[in-house]
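The structure under discussion appears below in the form of structure tokens.
The values are calculated or read from the model by the stated rules, or taken from the named source; none is laboratory data. Note that this is a predicted model, so its numbers are computed, not measured. Methodologically, a virtual Cβ is constructed for each residue, glycine included, from the backbone with ideal geometry; neighbour enumeration extends over all protein chains shown. For accessibility, only protein heavy atoms count, side chains too; no ligands or nucleic acids. Shrake-Rupley method; radii C 1.70, N 1.55, O 1.52, S 1.80 Å.
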Amino acid sequence: GICKGPFWPSSVLLLLPFSFTHAGAGVGHLITQWPAETLKRAGETVDLSCYQNYTTLAFIFWYQQPPRNGLKLVASISTWMKNSYEEGYSEAKFEISRDNNDHSVMTIKNVTSKDAATYFCALMIQHFVTVTTNNMVFGDGTKLTVMAVAIFSPSKQEIQQKSKATLVCLASGFYPDYLKLFWKVNGAKRTDGVGTDEFSTQNGSTYSLTSRLRISAQEWLCTHGRYECLLTDKYLYVF
């Protein structure tokens, strides 16, 4: 029986003539960012790192580029001034440090879907001998994807009328539109009874994807299993 149970900061653009230099230009000079990509759940904290060996006197700028949008300046930092944040950004949310002059870390706290973007660090290097030949140098960027993942339990009506139980996993807030979802039951990957939407659904500038796991009512009611909806082996939601 059944169991119960790139846009430049305006001040720089107006005051300092410059030429654009990509990170790969210049012999012996380097600007690099890591990680290249990072996937976070809503509410988590992420560290974005930038290293440069051009000069200890450089301004470092952090930019945000949301999906399908232009660059937005978050803040500028130097070794001799307090960090300067643009309107809409704050140190409480975007904490920026600069260690040993050549290494900067931007910590984004309590991430939400609005923080999903590619973040660039850039340098404005002023040459004191020839002040009209300033260079703007960019790193390759870090892409931050912020996921909201939830599992919804089966309906009592389905269990009673069909003796089946369908768990629904909804992943939202990601960009671009390609994402794979997996199911695990008690630590073992489950493919039987799994149905995942063929295409993601667009919601503004991000996408959502739904996957369903259908099991017997007996398994749902009797086994007290551990059900996991995974994006990769590292990022999962447990029901």
ask   = Just a yes or no: is a residue in the stretch 200-209 open to solvent by less than 60 Å² (accessible area, probe 1.4 Å) and over 30 Å from R68 (Cβ atoms)?
value = no
note = In the stretch 142-175, residues that are part of a strand (DSSP E or B), touching a helix residue (DSSP H, G or I) at 6+ places or on another chain (Cβ under 9 Å) and of a type in the set (D, E, K, R) total 1
task = Can you give me the number of residues within the stretch 41-58 that are in a strand (DSSP E or B) and within 14 Å of G139 (Cα to Cα)?
result = 5
task = For the stretch 102-140, enumerate the residues that are at pLDDT below 90, among the β-branched types (V, I, T) and either part of a strand (DSSP E or B) or in contact with a helix residue (DSSP H, G or I) (Cβ under 9 Å, 6 or more places away or on another chain) (or both).
result = I125, V137
inquiry  = With the requirement that a residue be in contact with a Lys or Arg (Cβ under 9 Å, 6 or more places away or on another chain) and open to solvent by 50 Å² or more (accessible area, probe 1.4 Å), what does the stretch 61-84 give you?
reply    = Q65, T79
request  = For the stretch 141-154, name all the residues that are modelled with pLDDT under 95 and of a type in the set (G, A, S).
outcome  = A148, A150, S153
inquiry  = Can you confirm whether K156 is among the basic types (K, R) and closer than 23 Å to L48 by Cβ?
reply    = no
key: Scan of the stretch 20-53 for residues that are open to solvent by less than 30 Å² (accessible area, probe 1.4 Å) and modelled with pLDDT of 95 or more, ordered by number   = Q33, V46, L48, S49, C50
remark   = Across (1) more than 30 Å from A171 (Cβ to Cβ); (2) surrounded by fewer than 18 Cβ atoms within 10 Å (Cβ to Cβ); (3) at pLDDT below 95, E87 clears everything bar (3)
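Any chance you could count how many residues in the stretch 137-157 are of a type in the set (S, T, Y) and crowded, with 16+ Cβ neighbours inside 10 Å? Spell out how you get there, then give the answer.
If we filter the stretch 137-157 for residues that are of a type in the set (S, T, Y), which is where we start, we get 142, 145, 153, 155.
With crowded, with 16+ Cβ neighbours inside 10 Å added as a condition, the list becomes 142, 145.
Residues meeting the conditions: 2.
Select from the stretch 167-198 the residues that are touching a strand residue (DSSP E or B) at 6+ places or on another chain (Cβ under 7 Å), of a type in the set (V, I, T) and open to solvent by 30 Å² or more (accessible area, probe 1.4 Å) and list them in ascending order.
Narrowing the stretch 167-198 to residues touching a strand residue (DSSP E or B) at 6+ places or on another chain (Cβ under 7 Å): 167-175, 177, 179, 181-185, 189-190, 193-197.
Checking which are of a type in the set (V, I, T) leaves us with 168, 185, 194, 196.
If the condition is that a residue be touching a strand residue (DSSP E or B) at 6+ places or on another chain (Cβ under 7 Å), of a type in the set (V, I, T) and open to solvent by 30 Å² or more (accessible area, probe 1.4 Å), then V168, V194, T196 are the ones that fit.
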message = Filter the stretch 71-88 down to the residues that are part of a loop (DSSP other than H, G, I, E, B), more than 16 Å from K143 (Cβ to Cβ) and not basic (K, R) and list them by number.
response = S78, T79, W80, M81, N83, E86, E87, G88
